[in-house]
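Structure first, commentary second.
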Amino acid sequence: MLDVDFVRAQFPAFSEPSLQGQAFFENAGGSHACGPVIDRLTRFYRERKVQPYGPYAASQAGGAEMDEARTRLAALLGVDSDELSFGPSTTQNTYVLARAFRQFMSEGEAIVVTNQDHEANSGPWRRLAQEGIEIREWKIDPETGSLDPEDLEKLLDEKVRLVCFPHCSNVVGEINPVVEITARAHAAGAFVCVDGVSYAPHGFPNVGEMGPDIYLFSTYKTYGPHQGIMVMRRALAETLPNQGHYFNGKALTKRFTPAGPDHAQIAACAGMVDYVEALAAHHDVSPHEVHDLMRAHEVRLLQPLLDAVAGRNAVRLLGPSRAEGRAPTVALALNRPGEEVAARLAAHGIMAGGGDFYAVRPLHALGVDPDHGVLRLSFVHYTTEAEVAQLIEALDAVL
């Protein structure tokens, strides 16, 4: 079992006096930063805040840390180091990808998107309809919020060049079968882009084993600084048109990141791997097995929360009621605005969120008014049983 005391000792937020007595349940909006990330970021700004890759010591040290972050993160994700790029955010990375695909595709060819996605992996692709690209929508079940792979099959033909879907939704929470969906899309001759923003905080996935051509997530939700990670497998990266400076076109890590990199934040991302490796060493497992430790802990804590909300009157739980098939991101449609209920929970020491969470399309599809919004309760592996009990007690009082 996961040693939660050891885990929490790696996060300075849990020893911060101003946060004592408060339980953090808005992790889907951004996690606490782990100590190694904070230490590396501080060190970079103190000692290495110069242009990297120069001939002098501070510059060489800064460049080496940036390279270290890319190399070690790529290894954790099961891909080659030059198949991983950093960008300012996942949304920005997706916009750049959309421009590349527009130049690659011919008018009349198609992209499949879902109405389960956060807008970051939906909006940029949908806008290509204005430029002659056909957009086909893979629709969720309006009752359950689920995506049925059989429905995808009906959308696939020789015109489809790309299939975009989330590893899991940031309001439905259900974990989609990435390997199966990727195989179906590849069999039809399409590339695959997976939005992993809402899944990666619950365990870094082995992207190499899963097989998608693109995998995106945000490091500020995986215990790091505010950067977007984009994995793009070599075959696709060498096929799509260069979006960076023309003289950088031969470097895979620069082809799809035209904005100047944030040197310090990229270097600090190595701290996320420091943290995973510390967990691995403490629990005597491999770094890849830390994923399973995190998920097992989350599943054990999630089921009591799901049981507590599922039977309530005037509460609609979005997504599955069983913990094994979902991430611990729990959205509740209530008879009061989600933001209002989140404010009332704050008085009970619960930090949660209310609103649409940029998931306007899935909320519409589920019959929920985005302006009314939902209450979202989200946690990760550093959450404790006591905090979940505190949350359930607070819900009893507020609801």
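The values are calculated or read from the model by the stated rules, or taken from the named source; none is laboratory data. The structure presented is a predicted model; accordingly, all values stated were derived computationally and were not measured. Note that each Cβ is placed from the backbone with ideal geometry, even for glycine, and that neighbours are counted across all protein chains shown. Calculation scope for accessible area: heavy atoms of the full protein, side chains included, ligands and nucleic acids excluded. Shrake-Rupley method; radii C 1.70, N 1.55, O 1.52, S 1.80 Å.
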Subject >> Conditions (1) open to solvent by 50 Å² or more (accessible area, probe 1.4 Å); (2) within 19 Å of the chain's Cα centre (by Cα); (3) among the hydroxyl-bearing types (Ser, Thr, Tyr); number of the one not met by Tyr246 >> reply: (2)
Original post:
Out of (1) in contact (Cβ under 8 Å) with a residue 40 or more places away in the chain; (2) crowded, with 16+ Cβ neighbours inside 10 Å, the odd one out for Phe6 is which?
Top reply: (2)
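Check Val299, Val374, Val388, Val330 and return the single one that is buried (at least 16 other Cβ atoms within 10 Å of the Cβ) and over 17 Å from Ser198 (Cβ atoms).
Numbers: Val299 fails: over 17 Å from Ser198 (Cβ atoms); Val374 fails: over 17 Å from Ser198 (Cβ atoms); Val330 fails: over 17 Å from Ser198 (Cβ atoms).
Selected residue: Val388, the only one of Val299, Val374, Val388, Val330 that is buried (at least 16 other Cβ atoms within 10 Å of the Cβ) and over 17 Å from Ser198 (Cβ atoms).
Can you pull out every residue in the range 355-371 that is open to solvent by less than 40 Å² (accessible area, probe 1.4 Å), among the hydrophobic types (A, V, I, L, M, F, W, C) and under 15 Å from Ile140 (Cβ atoms)?
Quick first cut of the range 355-371, residues open to solvent by less than 40 Å² (accessible area, probe 1.4 Å) only: 355, 357, 359, 362-363, 365-366, 368, 370.
Restricting the remaining residues to those that are among the hydrophobic types (A, V, I, L, M, F, W, C) gives 357, 359, 363, 365-366, 368.
Scanning the range 355-371 gives Ala359, Leu363, Ala365, Leu366, Val368.
Report yes if Tyr95 is closer than 22 Å to Ala185 by Cα, touching a residue at least 24 places away in the same chain (Cβ under 8 Å) and among the aromatic types (Phe, Trp, Tyr), otherwise no. Can you show your working first?
Details: closer than 22 Å to Ala185 by Cα: yes; touching a residue at least 24 places away in the same chain (Cβ under 8 Å): yes; among the aromatic types (Phe, Trp, Tyr): yes.
Spelling it out, Tyr95 is indeed closer than 22 Å to Ala185 by Cα, touching a residue at least 24 places away in the same chain (Cβ under 8 Å) and among the aromatic types (Phe, Trp, Tyr).
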Original post:
Applying the selection to the range 117-171, what residues are in contact (Cβ under 8 Å) with a residue 60 or more places away in the chain, in a strand (DSSP E or B) and crowded, with 21+ Cβ neighbours inside 10 Å?
Top reply: Leu162, Cys168
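Does Arg102 count as in a helix (DSSP H, G or I) and either open to solvent by 40 Å² or more (accessible area, probe 1.4 Å) or touching a residue at least 12 places away in the same chain (Cβ under 8 Å) (or both)?
Details: in a helix (DSSP H, G or I): yes; either open to solvent by 40 Å² or more (accessible area, probe 1.4 Å) or touching a residue at least 12 places away in the same chain (Cβ under 8 Å) (or both): yes.
Judged against the criteria, Arg102 is a match.
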Subject >> Candidates Arg184, Arg127, filtered to the one that is at pLDDT 95 or above and under 23 Å from Ala359 (Cα atoms) >> reply: Arg127
Original post:
Can you pull out the residues in the range 197-234 that are open to solvent by less than 40 Å² (accessible area, probe 1.4 Å) and part of a helix (DSSP H, G or I)?
Top reply: Ala200, Pro201, His202, Val207, Gly208, Met210, Thr219, Lys221
Original post:
Taking the stated definitions as given, is Val285 without any contact (Cβ under 8 Å) to a residue 24 or more places away in the chain, on the phi < 0 side of the Ramachandran plot and of a type outside the set (S, T, N, Q)?
Top reply: yes
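Is it the case that Gly311 is modelled with pLDDT under 95 and of a type outside the set (D, E, K, R)? Don't jump to the end; show me each part of the working.
Numbers: modelled with pLDDT under 95: yes; of a type outside the set (D, E, K, R): yes.
Here the answer is yes, as Gly311 does meet what is asked.
Can you find even one residue in the range 272-285 that is assigned to a loop (DSSP other than H, G, I, E, B) and either within 17 Å of Leu2 (Cα to Cα) or not assigned by the TED database to the domain that holds Lys49 (or both)?
The first filter runs over the range 272-285 and keeps only residues assigned to a loop (DSSP other than H, G, I, E, B), leaving 284-285.
Add one more test, that the residue is either within 17 Å of Leu2 (Cα to Cα) or not assigned by the TED database to the domain that holds Lys49 (or both), and what stays is 284-285.
Yes - at least one qualifying residue is present in the range 272-285.
Select from the range 235-262 the residues that are touching a residue at least 12 places away in the same chain (Cβ under 8 Å), touching a Lys or Arg at 6+ places or on another chain (Cβ under 8 Å) and part of a loop (DSSP other than H, G, I, E, B) and list them in ascending order. Even if it seems obvious, please write down each step before you answer.
As a first pass, look at the range 235-262 and keep what is touching a residue at least 12 places away in the same chain (Cβ under 8 Å): 235-245, 251-259, 261-262.
Then drop every residue that is not touching a Lys or Arg at 6+ places or on another chain (Cβ under 8 Å), which leaves 237, 240, 242-245, 252-253.
Once the filter is applied, which keeps residues that are touching a residue at least 12 places away in the same chain (Cβ under 8 Å), touching a Lys or Arg at 6+ places or on another chain (Cβ under 8 Å) and part of a loop (DSSP other than H, G, I, E, B), the range 235-262 yields Leu240, Asn242, Gln243, Gly244, His245, Leu252, Thr253.
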**OP:** Only one of these is crowded, with 16+ Cβ neighbours inside 10 Å, at pLDDT 95 or above and among the acidic types (Asp, Glu): Glu68, Glu16, Glu47. Name it.
**Re:** Glu68
Subject >> Residues of the range 35-81 satisfying the condition of being assigned to a helix (DSSP H, G or I) and among the basic types (Lys, Arg) >> reply: Arg40, Arg43, Arg46, Arg70, Arg72
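When you go through Tyr246, Tyr220, Tyr275, Tyr215 one by one, which is the residue that is of a type in the set (Ser, Thr, Tyr) and at pLDDT below 95?
Residue meeting the stated conditions: Tyr246.
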Original post:
Within the range 94-127, how many residues are under 26 Å from Pro149 (Cα atoms) and either of a type outside the set (Ser, Thr, Tyr) or not assigned by the TED database to the domain that holds Gln227 (or both)?
Top reply: 23
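Please specify each residue of the range 172-196 satisfying the condition of being part of a helix (DSSP H, G or I), under 20 Å from Glu324 (Cα atoms) and open to solvent by 10 Å² or more (accessible area, probe 1.4 Å). Talk me through it step by step, then tell me what you get.
Going through the range 172-196, the residues part of a helix (DSSP H, G or I) turn out to be 178-187.
Okay, now just the ones that are also under 20 Å from Glu324 (Cα atoms), so 178-181.
Scanning the range 172-196 gives Val179, Glu180.
Of all residues in the range 3-34, count the ones that are under 23 Å from Ala270 (Cα atoms), in a loop (DSSP other than H, G, I, E, B) and in contact with a Gly (Cβ under 8 Å, 6 or more places away or on another chain). Walk me through it before giving the result.
Taking the range 3-34 and keeping what is under 23 Å from Ala270 (Cα atoms), we get 3-15, 27-34.
Applying the additional criterion that residues be in a loop (DSSP other than H, G, I, E, B) yields 3, 10-11, 30-34.
From what's left, in contact with a Gly (Cβ under 8 Å, 6 or more places away or on another chain): 10-11, 33-34.
Within the range 3-34, residues that are under 23 Å from Ala270 (Cα atoms), in a loop (DSSP other than H, G, I, E, B) and in contact with a Gly (Cβ under 8 Å, 6 or more places away or on another chain) number 4.
Only one of Thr42, Thr90 is more than 30 Å from Ala331 (Cα to Cα) and either among the polar types (S, T, N, Q) or open to solvent by 50 Å² or more (accessible area, probe 1.4 Å) (or both). Can you tell me which?
Working: Thr90 fails: more than 30 Å from Ala331 (Cα to Cα).
Testing whether each residue is more than 30 Å from Ala331 (Cα to Cα) and either among the polar types (S, T, N, Q) or open to solvent by 50 Å² or more (accessible area, probe 1.4 Å) (or both) leaves just Thr42.
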